[in-house]
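Structure first, commentary second.
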Amino acid sequence: MNNTCNSSEINEEKKAFYELVYTSLSEAIKILEERQKDKDLIEKIDKILNNNIPEPLKKIDKNGVLFRQVATPNFEARWFIELTRDHGLKTNFFEYHSDKFTSNNYYKHSLGQLRVHKDKHNKNGDNIEEKITIVDFAKYDGKKLKEVYTTWNEPLISFHKKIFDVYKYNPKQLFFYDITDWLKISGEKAVDYYTNFILLFICRGILFENFLFADSEGDFTKKILLPAFKRAQEISGIKPLVVPIPPMDPDIEEDMHWHSYHPIIKSLIKNI
């Protein structure tokens, strides 16, 4: 009975969060276009940010942004690329190369142990996948991501960039930006620099994101992201533009399919 009540409360909490934070893509594009015509609004937000705007967003444009510690073309990123391309948005990957590598974070773990599958399913409907470990987790746990190497001694970040070439994406249509230095001057506490980060999506672009509620990711969502979002909205008087990616479903928010790859990437892996 208690479990049922807890589940119901969590789902209600998620529903309220989704309504507060997210905007549909079609609506977000319309709103962005209108806001970018408002020079006074742009000047107001820039002043709040002390004109500290990340390089890719300095030019007023239809920017789409996906923020991951290391950009990699898993199914989630490929979905993001398709969405931005199909809707006339600039495809920006914001990265955080100085963040710490850890096996306890589901996304960072997925960078070091690749999940590969062909969309074939077992009798339960789950993807039949192969797991390939390319990093010595014990050796690099706690190190900065830019200091992590694969088991064949290639920088982990460089390896993941090569995967974009395997999928034959046009490099001129993808933009990568390490936000490390920007974060350093945007606030001492996480909630401070995330507030400034969220403010960027008032009128300089649309953030594509899937904020989770489970485990440590849930703690980040509730203790850092939500207060930062509310503060950004209070400061600006306007709702920041955040579009859910992949399509939200409270029951499958941690579906690792989105952090998996097609077997075509195996040509880059040296130890198999």
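The values are calculated or read from the model by the stated rules, or taken from the named source; none is laboratory data. The shown structure was predicted, so the numbers you read here are calculated from the model rather than taken from an experiment. Neighbour counts are summed over all protein chains in view; Cβ atoms, including those assigned to glycine, are modelled from backbone coordinates with ideal geometry.
A few comments on the model shown:
- So P54, is it over 24 Å from H262 (Cβ atoms) and within 17 Å of the chain's Cα centre (by Cα): yes
- Residues within segment 151-176 that are over 19 Å from R85 (Cα atoms) and either among the aromatic types (F, W, Y) or not in a helix (DSSP H, G or I) (or both), tallied: 6
- Residue satisfying condition, being over 15 Å from L66 (Cβ atoms) and among the hydrophobic types (A, V, I, L, M, F, W, C), within set F220, F201: F220
- Filtered residues of segment 170-190 (kept if hydroxyl-bearing (S, T, Y) and modelled with pLDDT under 95): S186
- Residues of segment 241-266 satisfying the condition of being more than 13 Å from L66 (Cβ to Cβ), in a loop (DSSP other than H, G, I, E, B) and modelled with pLDDT under 90: P247, M248, D249, P250, D251, I252, E253, E254, D255
- Those residues of segment 128-173 which are more than 16 Å from Q69 (Cβ to Cβ) and of a type in the set (K, R), in sequence order: K131, K139, K162, K168, K172
- Listed by first and then second residue, the pairs with beta-carbon distance under 8 Å, at least 6 apart or on different chains, first residue in segment 22-42 and closer than 22 Å to F211 by Cα and modelled with pLDDT of 95 or more, second buried (at least 17 other Cβ atoms within 10 Å of the Cβ) and basic (K, R), are T23/K239.
- Taken over segment 37-60, the residue count meeting the criterion of being touching a strand residue (DSSP E or B) at 6+ places or on another chain (Cβ under 9 Å), under 11 Å from C203 (Cβ atoms) and charged (D, E, K, R) is 0.
- Residues within segment 161-180 that are crowded, with 16+ Cβ neighbours inside 10 Å, closer than 18 Å to S267 by Cβ and β-branched (V, I, T), tallied: 1
- The residue that is surrounded by the most Cβ atoms within 10 Å (Cβ to Cβ), counting only those in segment 59-83 that are among the aliphatic types (A, V, I, L, M) and more than 13 Å from Y169 (Cα to Cα), is V65.
- Qualifying residue in segment 180-190 (condition: farther than 19 Å from S98 by Cβ and either touching an Asp or Glu at 6+ places or on another chain (Cβ under 9 Å) or not hydrophobic (A, V, I, L, M, F, W, C) (or both)): no
- Summed over segment 110-160, residues that are at pLDDT 95 or above, surrounded by fewer than 16 Cβ atoms within 10 Å (Cβ to Cβ) and either among the charged types (D, E, K, R) or closer than 23 Å to F94 by Cα (or both) total 10.
- Condition check for T133: within 16 Å of the chain's Cα centre (by Cα) and either more than 28 Å from L207 (Cβ to Cβ) or in contact (Cβ under 8 Å) with a residue 60 or more places away in the chain (or both): no
- If the condition is being closer than 22 Å to K100 by Cβ, modelled with pLDDT of 95 or more and out of contact with any strand residue (DSSP E or B) (no Cβ under 9 Å at 6 or more places or on another chain), then segment 196-227 contributes only N196.
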